[in-house]
Structures are given as C-alpha cells and as structure tokens.
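S.K.: What follows is a single structure, and I will ask about it in a moment.
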Amino acid sequence: MEKYKVCFVAGSRADYGIVRRYIALLNLDENIDFAILATGALLSEKYGHAEDLIIQDGFKIDYAYQVHLRNEKLSDTTHVMADVLKAFGDYFQNHQYDLVIILGDRYEIFSVAIAAAMHHQPILHIHGGEVTLANYDEFIRHSITKMSRYHFTSTEEYRKRVIQLGESPSTVFNLGALGAENCLFIDEANIPDIIKKIEPKTCFTVLFHPETLNEQSPWKQVQQVLSAVESYIDRYDFYFIGSNADTGSDQIRQEIKTFCKAHKKAMYVENLHPDAYHELVKKSLALVGNSSSGIIEVPSLGSYTINIGNRQTGRVKGNSIIDVACQTSLIKEALMFVIQHKNKQIDTPYYRSNSAELYYKTTKKILAHVRNLNYKDFYDIP
C-alpha cells in the first residue's frame, strides 16, 4: 500500500509543544510518511533556536525556511508574511501532501496555509473557532478555517463556531485541547536542575506577549506588569519566559531583560523545553501574562493564571483564570489573591482524556477519504 504523505508545519515553540505527542503517533505509523516543516521564530537564534527542542525529542525537520523576523512595526510583519508565502509557494509546487496539518493563528502560518491551499493540498486546522479579540490572530485564525478541509476544535463551543463559518459538521471534530493533556506527561530528563530544585508554589512564571490591536504601546503594557511584579520581588522568585515574535515584542523583551538584571530574584530564559516549562508552571503559584497556554494548559497543572489585558478575550475559561486589565494596581491585587488562595479546586473545559490518541485515530479516518475530495461546499446552517 502506498503511504499517505502528511506534514505538520511549525512556526513557534508553542506549536510544537502542543502537538508533540500527537505527531509522535503519526511519525510511528508505518502507513504514514510524516514530515515536519519549520519556519518563523522556531528557527531564529534571537528566539532561542526552538527547533533544537524538536531534534532533542527525536524528530527531524524535513524542510526549514529561515525568514528574517522583523517586528518593530506592522509593515515588518507583512514583509515576513510575504517572504514565507513565496518560500512555501515554491515548496508546495514541488512537494505534494495528502494532509497538511496547521495549528492556530500565527501570521507566518497564515502564509503557509495560503500556499498550501493554492496548491490544492488539503489542510487540517487545529484550534479553529476560538476568539482573541485584541490581536490580529483573530482574523488570521478564521481565515485559515476557510482554507481548511478538516478541523479539530478544543471545545464544543468552538466546534459550533467553525460550523457557523460555513464548514460542514462532518468535517469538524471536538477532540479537546492537546495541550491540556500533554502537560501532564512530563519527562524529568528534559528538566534542568534549577527547575527541579524549586519548592512547589514558591514562585511565579511570567509570559507576556504584545497586544497587536491595542493602542497602548507594548512598552507601556510591560511597564504595568513589571511595576506589579516589583511589589512582590522580595518575597517570591519570578521566572520570565521570552515573548513571541509578534509586532512590538522586542520592546517587551528588552524591558524584561533590564528588569531581571536589576533584581536577583528575577530570572530570564528565552526558551524552555515543553516539559521544563510545564514543570516550572506546575511549581508556580500562577502563570502571569497573556499566553494562550495560561487558558488551556495551566489549569491542568493545578496553577492559577493571571490573564492580563485583552489578548485572550473571548476564549472559554475555567475557574482558575483571573482576568485583569493591564494596570499595575489590578495586577498586584491578583497576585495577592493567588497568594492567599493557594489551594483552590481547579477545573478546565479543555481537558479530554487520551486526546493525542483521539487526534491520531481521527486523522487516520480522514486519510482514508482524503484522496477522494471534491470541491468544498459552503455549509448553510438550517
């Protein structure tokens, strides 16, 4: 039997961290010729060479396009998108896949989706139907949905929204969020000693990204966060993780590095292996910032999330998510609340038992029919 050709496109450490157990199953399947395609921050020295994490886990990267990431202004971002579109347009002209797996809403992944769709390569989109109103990710995600033939959503609400966008219910599957289960499988071999030595619930992890549709500058946003952290820096350790490659992230990165140099109890790291990141967050009282991992993964680890600003506005959230505006006084209040309520019973709407296996088995069912696809209709809700 001829093997099915399947690829996963990774543009950031987050993409890979979410799917690693799922794609491991695809990679082991003798009937699947599996490939990883990489671009964006994943390949950048500036963002910590996150592709090393993929190689460390035993995968190989079959195609890598290293784009010069610029993010001072929005035109820088569109130039990056154009570069990635050209590169992957050329690549898909010469490489045909039965299924191109794409996750989320990154702008460089948007370009990959356009290139794949234009070359008639079926796309499976993961994490569609979600809402993040303060970022250009919002319209990128829904645009990728319309270019995709299949959809794995993380909640039933999101499944309904994808159908609302005109996708046939037979192609939309609510399988839970991979990250909500992945984070429970931590390999200690991937955890550095500095994290192993941390006593549980004695620190905070900070992961803060720019809000790209916010009139307040990223510099002003991060200043509000750091001012709140400074009020507790004598009592708790704060571990800062590098920001992503969105427009304005350099301003955030520089301010955080300067802050860490000035405070002994503030530590900065650009990247961590997913297992190390999950262990650090598990030992933290809370993840502070505006990362989607705070909404989806952190509740499974039994920690709070202090979700700052509007970057994640619109997402389904569990009871451990504390939403606050990007104001020092409100962030300080949230930090105090977390300190005073360490033992809250936490729930999560994203967890699904055996999600990686569900993703894998559903992908296999899709592959059985993918070579017989015809034109995609627009599904009208009755």
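S.K.: Which residue fluctuates most in the GNM of the chain (Cα springs below 10 Å): HIS273, HIS142, HIS120?
M.R.: Result for the chain, Cα springs under 10 Å: HIS120 fluctuates most.
S.K.: For the chain, what does the helix formula give at 222 nm: sum of -39500 (n - 2.57) over DSSP H segments with n ≥ 4, over the residue count, nearest 500 deg cm²/dmol?
M.R.: Mean residue ellipticity at 222 nm (helix-derived): -12000 deg cm²/dmol.
S.K.: Helix 218-230 sits at what angle to the longest principal axis of the chain, using alpha carbons and giving 0 to 90 degrees rounded to 10?
M.R.: 50 degrees
S.K.: Starting from the Cα of ALA262, move 7 Å in the Cα-to-Cβ direction to define the label point; list residues of region 233-247 whose amide nitrogen is under 20 Å from there.
M.R.: Flagged as within label range: 233-243.
S.K.: Right, here's the next one. What is the projected area of the convex hull of the Cα atoms of the chain, averaged over all directions, in nm²?
M.R.: 18.1 nm²
S.K.: Ok, one more. Determine the gain in length on full extension of the stretch ALA325-ASP234; use 0.36 nm per residue of separation and subtract their C-alpha separation, reporting nm with one decimal.
M.R.: Full-extension gain reported as 30.4 nm.
S.K.: Compute the length gained on full extension between THR362 and GLN93: take 0.36 nm times their separation in residues and subtract their Cα-Cα distance, giving the result in nm to one decimal.
M.R.: Using 0.36 nm per residue and subtracting the Cα-Cα distance, I get 94.1 nm.
S.K.: Helix 249-262: angle to the longest alpha-carbon principal axis of the chain, degrees 0 to 90, nearest 10?
M.R.: Once rounded, the angle reads 30 degrees.
S.K.: I would also like to ask the following. Where the accessible area of the chain is counted over protein heavy atoms with a 1.4 Å probe, how much of it, in %, is carbon and sulfur?
M.R.: 51 percent
S.K.: With springs connecting C-alpha atoms under 10 Å apart, model the chain as a Gaussian network and identify which of ARG315, ARG235, ARG13 has the largest mean-square fluctuation.
M.R.: Evaluated over the chain, the most mobile residue of the options is ARG235.
S.K.: How far apart, in nm, are the 7 Å Cα→Cβ label points at LYS342 and GLU215?
M.R.: Label-label distance for LYS342 and GLU215, simple model: 4.3 nm.
S.K.: Express in whole angstrom the spacing between the alpha-carbon centres of region 341-368 and region 6-85.
M.R.: Centre-to-centre (Cα) distance: 22 Å.
S.K.: From the square roots a ≥ b ≥ c of the eigenvalues of the alpha-carbon gyration tensor of region 268-309, which class results: rounded (a/c under 1.5), prolate (a/b over b/c), or oblate?
M.R.: In terms of gyration-tensor shape, oblate.
S.K.: Using 0.36 nm per residue of separation minus the Cα-Cα distance, give me the extension gain between HIS369 and MET118 in nm, one decimal.
M.R.: The span from HIS369 to MET118 would gain 88.3 nm if fully extended.
S.K.: Ok, one more. Normalising by the residue count of the chain, find the relative contact order in percent from Cα pairs under 8 Å and 6+ residues apart.
M.R.: Computed value for the chain: 17 percent relative contact order.
S.K.: Evaluate E = 1/(1 + (r/R0)^6) for SER353 and TYR63, where r is the Cβ-Cβ distance and R0 equals 25 Å; express this FRET efficiency to the nearest 0.05.
M.R.: That pair, SER353 with TYR63, gives E of 0.15.
S.K.: Ok, one more. Leaving out ligands and nucleic acids, note down the accessible area per residue over the chain with a 1.4 angstrom probe, in whole Å².
M.R.: 42 Å²
S.K.: With unit charges on the beta carbon (Lys/Arg positive, Asp/Glu negative), name the residue among PRO218, TYR360, GLY294 whose Cα is farthest towards the positive pole of the charge dipole of the chain.
M.R.: GLY294
S.K.: Taking the chain as a Gaussian network, Cα atoms linked when under 10 Å apart, which of GLU45, GLU130, GLU72 shows the biggest mean-square fluctuation?
M.R.: Checking each option, the largest mean-square fluctuation is seen for GLU45.
S.K.: Mind giving me the nanometre distance, one decimal, between the label points for LYS376 and PHE185, set 7 Å out from Cα along Cα→Cβ?
M.R.: 2.9 nm
S.K.: Counting pairs of alpha carbon atoms under 8 Å apart in space and at least six apart in sequence, what relative contact order in percent does region 223-338 give?
M.R.: Computed over region 223-338, the figure is 24 percent.
S.K.: How far is it, in nm, from the label point at LEU74 to the one at LYS197 when both lie 7 Å from their Cα along the line to the Cβ?
M.R.: In this crude label model, LEU74 to LYS197 measures out at 4.7 nm.
S.K.: OK, next. Calculate how steeply helix 107-118 sits against the longest principal axis of the alpha-carbon atoms of the chain, using the helix alpha-carbon long axis, and give the answer as 0 to 90 degrees to the nearest 10.
M.R.: For helix 107-118, the angle is close to 0 degrees.
The values are calculated or read from the model by the stated rules, or taken from the named source; none is laboratory data. Because the structure is predicted, anything quoted here is derived from the model rather than measured. Please note: Cβ atoms are built from the backbone with ideal geometry, for glycine as well, and neighbour counts cover all protein chains shown. Side chains included, ligands, DNA and RNA excluded: accessible areas come from the protein's heavy atoms. Shrake-Rupley method; radii C 1.70, N 1.55, O 1.52, S 1.80 Å.
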